[in-house]
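The values are calculated or read from the model by the stated rules, or taken from the named source; none is laboratory data. This one's a predicted model, so the numbers in the text were calculated from it and none came from an experiment. In this analysis, Cβ positions are derived from the backbone assuming ideal geometry, glycine residues included, and neighbour counts consider all displayed protein chains.
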Amino acid sequence: MEIRDVPYDSDDAVLLTAEVQQEYQRRYGGEGDTAPIVATEFLAPGGYFAVAYEDGVPVAMGGWRRHGGTEAEIKRMYVREAARGRGHARVVLAHLEQHAAAAGITRFVLETGLEQPEAIALYRSAGYEDVPAFGFYKDAPLSVHLGKTL
């Protein structure tokens, strides 16, 4: 697997974002994730975005955007269904953590949902713990808010 730095609005990131939105719609109903996201939030020095490839095909993605000071929020972690179960999410998460730490980020936070038990299991196994609810989904009953000191 090869991980490439890409803009959030690159063709491959847009393709995978459309797929993850369909996944959210399937799991939660409605329109999917409606939290506002601006592509420039993922540009250095305030953020970062990456897509992972297998044999030139995009299979996973993830990014972070500064959440204030030296804290950043993980967004758009996703692995295509055909590529799941092979450790790609763990590799992308570790890559994001390393990249963020090198950029001076000392803490990651994220929001996921109860209908994504595999995501919750991944984050908890990587050392993420419950944090106070924040952001767009802070009052959403199905939201899970996690954080980790890097």
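Here 97, 129, 111 are screened, and the one residue that is touching a Phe, Trp or Tyr at 6+ places or on another chain (Cβ under 8 Å), more than 24 Å from residue 25 (Cα to Cα), modelled with pLDDT of 95 or more and of a type in the set (Asp, Glu) is 97.
Residue pairs whose Cβ atoms lie under 6 Å apart, sitting 6 or more positions apart in sequence or on different chains, and linking a residue in segment 29-50 that is in contact (Cβ under 8 Å) with a residue 40 or more places away in the chain and farther than 19 Å from residue 110 by Cβ to a partner that is of a type in the set (A, V, I, L, M, F, W, C) and part of a strand (DSSP E or B), do not occur here.
So, in segment 101-150, exactly how many residues are part of a loop (DSSP other than H, G, I, E, B) and not acidic (Asp, Glu)?
So in segment 101-150, the residues part of a loop (DSSP other than H, G, I, E, B) come out as 103-106, 114-116, 126-128, 131-142, 150.
Keeping just the survivors that are not acidic (Asp, Glu) gives 103-106, 114, 116, 126-128, 131-138, 140-142, 150.
So the count comes out to 21.
The residue that is surrounded by the fewest Cβ atoms within 10 Å (Cβ to Cβ), among those in segment 47-81 that are in a strand (DSSP E or B) and acidic (Asp, Glu), is 54.
Can you confirm whether residue 92 is in contact (Cβ under 8 Å) with a residue 60 or more places away in the chain and not charged (D, E, K, R)?
Against the criterion (in contact (Cβ under 8 Å) with a residue 60 or more places away in the chain and not charged (D, E, K, R)), residue 92 qualifies.
Reported count of residues in segment 119-142, each being within 15 Å of the chain's Cα centre (by Cα) and loosely packed, with under 12 Cβ neighbours inside 10 Å, is 1.
Screening residue 75 with (1) over 23 Å from residue 116 (Cα atoms); (2) in contact (Cβ under 8 Å) with a residue 12 or more places away in the chain gives one miss only, at (1). Looking across segment 1-32, not a single residue is at pLDDT below 95 and under 16 Å from residue 64 (Cα atoms). Criterion applied to 72, 39 was being of a type in the set (Gly, Ala, Ser), at pLDDT 95 or above and in contact with an Asp or Glu (Cβ under 8 Å, 6 or more places away or on another chain), and the one residue passing it is 39. Figure legend. Inter-residue proximity from segment 123-140: first residues on the phi > 0 side of the Ramachandran plot, second residues among the acidic types (Asp, Glu), beta-carbon distance below 7 Å, spacing 6+ or different chains. Indicated pairs: 135/111. Looking at segment 33-41, is at least one residue hydrophobic (A, V, I, L, M, F, W, C), surrounded by 15 or more Cβ atoms within 10 Å (Cβ to Cβ) and in a loop (DSSP other than H, G, I, E, B)? The answer is yes, given that some residue of segment 33-41 is hydrophobic (A, V, I, L, M, F, W, C), surrounded by 15 or more Cβ atoms within 10 Å (Cβ to Cβ) and in a loop (DSSP other than H, G, I, E, B).
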